[in-house]
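The values are calculated or read from the model by the stated rules, or taken from the named source; none is laboratory data. Every value quoted in this text rests on a predicted model; they were computed, and no experiment measured them. Here Cβ is always computed from backbone atoms with ideal geometry, including for glycine, and neighbour counts include all displayed protein chains. Surface areas here come from the heavy atoms of the whole protein model, side chains and all, with no ligands, DNA or RNA. Shrake-Rupley method; radii C 1.70, N 1.55, O 1.52, S 1.80 Å.
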Amino acid sequence: MSKKIMSLLIIVVLIASFGLAGCSKEGASTAKVLKVGTDAGFAPFEFQDEKSKEYVGFDMDLIKALGKQMGYEVQIQNMNFDGLIPGLEVNSIDAVASGMTITEARKQKVNFTKPYYQAGLTIVVKNDNNTIKNFKDLEGKKIAVQIGTTGAAEAKKIKDAQVREFNNAPEAFMELKAGGVDAVVNDKPVNEYYIAQSGSKDAKAVGEPLQAEEYGIAVAKKNTELAGKLDKALDELKKNGEYEKIYVKWFGKKPGI
C-alpha cells in the first residue's frame, strides 16, 4: 500500500471519528434537572427503602411524575426538614416535596403550588395510655414532635406542655416507645402509617384531627415560573389519572382533593 493511499485512509478514519463524536454529543440526554429536597423520614410520604436504599413514598412518586410531565430529570436530596426552605433560598435545591403544610408564615418565604394533599394533626400514645384522649389532655404532658413542622408549632401552644423536638418522625415515635414522652403530635397519615407498620402493638391514635392542613410543593419565592409549571403538570396528572393511581397506591383509597 502506497504512502499516499495510507494517508488518505487515515484522513477518512479521522473524519468518520469526528462525525461519530458529533452525533454522540447531539444524541446525549438533554433533560433538564430538577433538584428536589426532602426529609426522608416521613413515611408514607418520603422514606428510604431498606432494601433498595432508594427514596420512596407518595411525595417521591408524585414529584417524579411531575418531573416527567415537565420534561425534567428529578434528583432527590435528603436533608433535615428545617433546612429545606433555607436550601431553596440559597438555590442548592429547586423544589421541596416533603409533606410541607402551606402556611401563611411559610408563604412569606416561598412559593407553593396548588395543594396536592389534605391532612390534619393527630395524637399518638402508647396502647396502655388511657388518660390522653384529646388535645386538651396534653396539658402538662411530655410531647414529641418533628422539628420545624406544624405539629411542633401547635404542641408549643399547649399549656405547660414539655415539647421535645426530633429531626424526623421515626425518632419521635422511638422516644414514645421508650417511654420518654407521653405522646407524639404529627400529621394524621404519618401517624396512621406508623401504627399500621407496628401492627397496632405499640401505639394508638386518639382524638379528632386538630385542623385541616394542605400540603404543597415549595419553590423559591422568586421562581414563579417553576411554580406555574408544577401547577400545570399537577392539573395534567389529575386529568390523565396518574395522580389518582399514585394516591391509591399509597393510601388505598381515591383522593379527596
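Contact list please: Cβ distance under 8 Å, first residue in segment 71-92 and open to solvent by 80 Å² or more (accessible area, probe 1.4 Å), second residue in a helix (DSSP H, G or I) and not charged (D, E, K, R), pairs at least six apart or on different chains.
Close Cβ pairs (under 8 Å, with a partner that is in a helix (DSSP H, G or I) and not charged (D, E, K, R)) amount to Glu73/Gly67.
Specify which of the listed residues (Val248, Val190) is surrounded by fewer than 16 Cβ atoms within 10 Å (Cβ to Cβ), β-branched (Val, Ile, Thr) and in a helix (DSSP H, G or I).
Sole residue among the options that is surrounded by fewer than 16 Cβ atoms within 10 Å (Cβ to Cβ), β-branched (Val, Ile, Thr) and in a helix (DSSP H, G or I): Val248.
Can you name the number of the only condition in (1) modelled with pLDDT under 95; (2) open to solvent by 40 Å² or more (accessible area, probe 1.4 Å); (3) in contact with an Asp or Glu (Cβ under 6 Å, 6 or more places away or on another chain) that Lys114 fails?
(1)
So Lys159 fits all but one of (1) part of a strand (DSSP E or B); (2) open to solvent by 20 Å² or more (accessible area, probe 1.4 Å); (3) at pLDDT 95 or above; what number is the exception?
It fails just one condition, (1).
Let me spell it out: the conditions are (1) surrounded by 15 or more Cβ atoms within 10 Å (Cβ to Cβ); (2) of a type in the set (Asp, Glu); (3) part of a loop (DSSP other than H, G, I, E, B), and Glu175 meets all of them except one. Which number is the exception?
Glu175 satisfies every listed condition except (3).
Could you list, in sequence order, all residues of segment 203-218 that are open to solvent by 50 Å² or more (accessible area, probe 1.4 Å), part of a loop (DSSP other than H, G, I, E, B) and not hydrophobic (A, V, I, L, M, F, W, C)?
Once the filter is applied, which keeps residues that are open to solvent by 50 Å² or more (accessible area, probe 1.4 Å), part of a loop (DSSP other than H, G, I, E, B) and not hydrophobic (A, V, I, L, M, F, W, C), segment 203-218 yields Glu208, Pro209, Gln211.
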